[in-house]
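K.L.:
Got a structure here, written out as C-alpha cells. Questions coming.
Read-outs throughout are calculated quantities, based only on the coordinates presented, and are distinct from any laboratory measurement. Since we're looking at a predicted model, the values are computed, not measured.
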C-alpha cells in the first residue's frame, strides 16, 4: 500500500503541472491600450507622496 502512495505523489504532481501549463498558455484577449495606460498612471500615482497640507 505504501508503494502506491509513493507512486501517487509524482502522478499528482504531473497532473498539476499539466493543468498549470494548460492554464498559463490559454488564449487571452488583447488589452485595450488606453485602459492599460490609464491603469498604469493610477498605479504610479498611488505611490506618489501626498501633497503638503499647509
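K.L.:
Just checking my list (1) 11.0; (2) 16.1; (3) 11.2 against Kirkwood radius over Cα pairs in Å computed from this structure; which label fits?
P.N.:
Label (2) holds the value from this structure.
K.L.:
Mind pulling the angle between the C-alpha long axis of helix 2-24 and the longest principal axis of the chain? Nearest 10 degrees, somewhere in 0 to 90.
P.N.:
30 degrees
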